[in-house]
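Some notes on the structure that comes next.
The numbers here are math on the coordinates, done by the rules we state, and not lab data. Being a predicted model, the structure only gives us computed values, none of them experimental. Don't worry about glycine lacking a Cβ; one is built from the backbone with ideal geometry, like all the others, and counts go over all protein chains shown.
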Amino acid sequence: MGKIRFDVHRCKGCGLCVIFCPQKNLRMSAELNEHGHPYAQENEPGHCNGCGLCFRMCPDAAIEVDQHRRKTQTQE
Amino acid sequence: MTTLKRSTILKDQVTHYCPGCGHGIAHRLVAEVIEELDIREKVIGTAPVGCAVLLYNYIDCDIIECAHGRPPAVATGIKRVRPDNIVFTYQGDGDLAAIGTAETIHAANRGENITVIFINNAIYGMTGGQMAPTTMLGMASTTTPEGRGKHGEGPPLKVCELLSSLQAVSYLERVAVSTPKDVLSAKRAIKKAFQKQIDGKGFSLVEVLSMCPTDWKVSPEKAVAFVNDEMKKVFPLGVYKDAK
């Protein structure tokens, strides 16, 4: 599981994160940020699997992802 | 829990690049590599003329802005005077493969112990989409509206293939930033290129195939597809030289 945070101020709305999200959990906002760009947001908060592909593709370093490791049986 | 977050080597400034431009990804990778190799206090960058001219506004290390095409010559001077510093150039295709061809080839031929990050987006970005030496055959630009012709303008210049014949070059790899997998490979290549310099092996260059949605006049999504479907055919990815 993961948690994703967007820096709305930095986002330019290119949508590369939306294209590459394997969960199809990202979309562009209908509203615009202070620079006049739509910005990335989650379709449903809590559905991020923490893969970090959006972070890798973001040209504007506007995304942070917390990657929670699933506990393995031995850890439990 | 691990957190993927912006490198501390990247300044807090929003870049001037267009939405979907590959420069932002390449900047981030260079910053991440500098951070991971812990060379922040030793690294000196040389910036080109072109879209990346404001590199010093985004990467938080010592950076010199060079005359157009001259970063390899300036980097040569810095490295020879300060051999303990890690010196890299960051150049686009107009800077490295057009006006700076002589500097690039001779720095490579001398085996200067510097690292070159070469962004190839097959077009002149900053000046508004004119044909670059790396523009592909048939690809339209403002100076080749009917597409680049084989007999008029000639086929594209392939920098990695060109430099791979030079004996003193230590490392050449062509990567892309058009898929997450390519971005990870690009980071590994950039790290290896810096490591070659740290180990004193000589000239290293990483060519990064990058998107330019604005001057290609397509959406960022189609720009990514263009790199994957068209550019990779003309500019095959891979290691072109890795001297021991």
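Annotations for the structure displayed:
- Estimated from helices alone, the mean residue ellipticity of the protein assembly as shown at 222 nm is -7500 deg cm²/dmol (sum of -39500 (n - 2.57) over DSSP H runs with n ≥ 4, per residue).
- Within the stretch B:133-242, GluC sites (Glu not before Pro) in DSSP loop having at most 15 other beta-carbon neighbours inside 10 Å: B:146
- Cα-Cα over 27 Å, subset of A:24/B:187; B:187/B:233; B:150/B:201; B:11/B:192; B:11/B:79; A:24/B:5: B:150/B:201
- Dipole magnitude of the stretch B:1-155 about its Cα centre (Cβ charges: Lys, Arg +1; Asp, Glu -1), debye to nearest 20: 120
- By the beta-carbon count within 10 Å of each Cβ, the least crowded to most crowded order of A:24, B:5, B:187, B:158, fewest first, is A:24, B:5, B:158, B:187.
- Averaged over the residues of peptide B:4-12, the number of Cβ atoms from other protein chains lying within 10 Å of each residue's Cβ is 4.
- By the count of other C-beta atoms within 10 Å, a proxy for reagent exposure, B:23, A:37 are ordered fewest to most as A:37, B:23.
- When the Cα convex hull of the protein assembly as shown is projected onto planes of every orientation, the mean area is 17.6 nm².
- Positive-end extreme of charge dipole, the protein assembly as shown - chosen from B:3, B:68, B:167 (charges on Cβ): B:167
- Counting, for every residue in B:15-22, the Cβ atoms of other protein chains within 10 Å of its Cβ and taking the mean gives 5.
- With each label modelled as a point 7 angstrom along the Cα→C-beta vector, the residue B:239-residue B:217 pair spans 4.1 nm.
- Cβ neighbours within 10 Å from other chains - mean over A:12-23: 5
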